[in-house]
Amino acid sequence: MRNRILIDSGPLIALFHIGDNNHKAIHDFLKNHQYSFISTLAVFTEVSYFLSVSSKALQNFFEWVMHKGVIISDINQHDIPRIAELTKKYEDMPMDFADATLVITAEKTGIREIISLDRDFEIYRLPGREQILNKYRFNLSK
C-alpha cells in the first residue's frame, strides 16, 4: 500500500509546465517515490489557473489526476471558521486559501507529510505544535 501524502500546487504546476525551473526535479522525485496523493479543490484551482496558458498542459494535468488517483479532500462550509483562524494566525506571511485547506486536510486525515515547493509548511503548525513534514524540502526552489 502506498503512503498517503498531501501535495501542494507548486509541484503539480512544475510537473506539467515543462518550462518551470523545477520540472525535471519534480518529475524525477515523483517517478522515484510511490505515493497516494491527497489535495484540495483550492489547490486544483491554483494549478488550473497557472496551467491555463497551455490547454495541452491543463489536459495532461486532468488526465494525470484521473489516472494517478489524486484524491480531492473535502473542504466545506464548516471549515470556514478554521480557515479564518489560520489566515489570521499567519497573516504576517500571509497564508493563502489553498495552504489553509491543506493544513485543515492534515488535521482531518492525520497525514503529516506534504510535497511542496514552498517553505511555508516549515512555519505552519497543527494543534500541539506538530509540523507537516515537507518531503521535498531538500529541493526547494530559491
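Read-outs: derived from the displayed coordinates by stated rules, not from any lab. In this text the structure is predicted, and so the values were computed from the model without any measurement. For neighbour counting, all protein chains shown are included, and Cβ atoms are generated from backbone atoms with ideal geometry for every residue, glycine included.
What ranking of Tyr35, Tyr49, Tyr124, Tyr136 emerges when the number of other C-beta atoms within 10 Å of each C-beta is taken as an exposure proxy, fewest first?
Starting with the residue having the fewest Cβ neighbours, the order is Tyr49, Tyr35, Tyr124, Tyr136.
Exposure proxy check: Ile7, Ile80 ranked by fewest other beta carbons within 10 Å?
In order of increasing Cβ crowding within 10 Å: Ile80, Ile7.
Which distance in Å, rounded to a whole number, links the C-alpha centroids of the range 100-117 and the range 27-78?
15
Answer with a single label: of (i) 117; (ii) 102; (iii) 136, which was calculated as volume of the Cα convex hull per residue in Å³ from the structure in view?
(i)
Starting from the 7 Å offset along Cα-to-Cβ, what nm value, one decimal, do you get for the label separation of Arg125 and Ala25?
2.8
I'd like the trypsin sites (Lys or Arg not before Pro) in the range 1-107 restricted to DSSP loop residues with at most 11 other Cβ atoms within 10 Å, sorted by number.
Of the trypsin sites (Lys or Arg not before Pro), the ones in loops of the range 1-107 whose Cβ has at most 11 other Cβ atoms within 10 Å are Arg2.
Just how large is the dipole of the chain about the Cα centre, in debye to the nearest 20, putting +1 at every Lys and Arg Cβ and -1 at every Asp and Glu Cβ? Intermediate results must be reported in sequence, preceding the final value.
Details: 17 positive and 18 negative charges, 97 e Å.
That gives a dipole near 460 debye.
Quick one: His67, His17, fewest Cβ neighbours within 10 Å first, how do they rank?
So the ranking, lowest neighbour count to highest, is His67, His17.
Taking a 31 Å limit on the Cα-Cα distance, which of the listed pairs Lys31/Lys108; Lys56/Lys135; Lys89/Lys135; Lys56/Lys108 fall beyond it?
Lys56/Lys108
Percent relative contact order of the chain, based on C-alpha pairs within less than 8 angstrom and at least six residues apart?
So the answer I get is 27 percent.
Pop the C-beta distance of Met93 and Ser48 into the FRET formula with R0 = 25 Å and round what comes out to the nearest 0.05. Intermediate values should be presented prior to the final figure.
On the way: r = 24 Å, r/R0 = 0.94.
Approximately 0.60, to the nearest 0.05.
Provide the percentage of antiparallel DSSP beta bridges, counting only those with both residues in the chain; round to the nearest 5.
10
Would you mind classifying the range 31-86 by shape? Square roots of the alpha carbon gyration tensor eigenvalues, ordered a ≥ b ≥ c; an a/c under 1.5 is rounded, otherwise it is prolate if a/b is larger than b/c and oblate if not.
Taking the square roots of the gyration eigenvalues as a ≥ b ≥ c, the range 31-86 is oblate.
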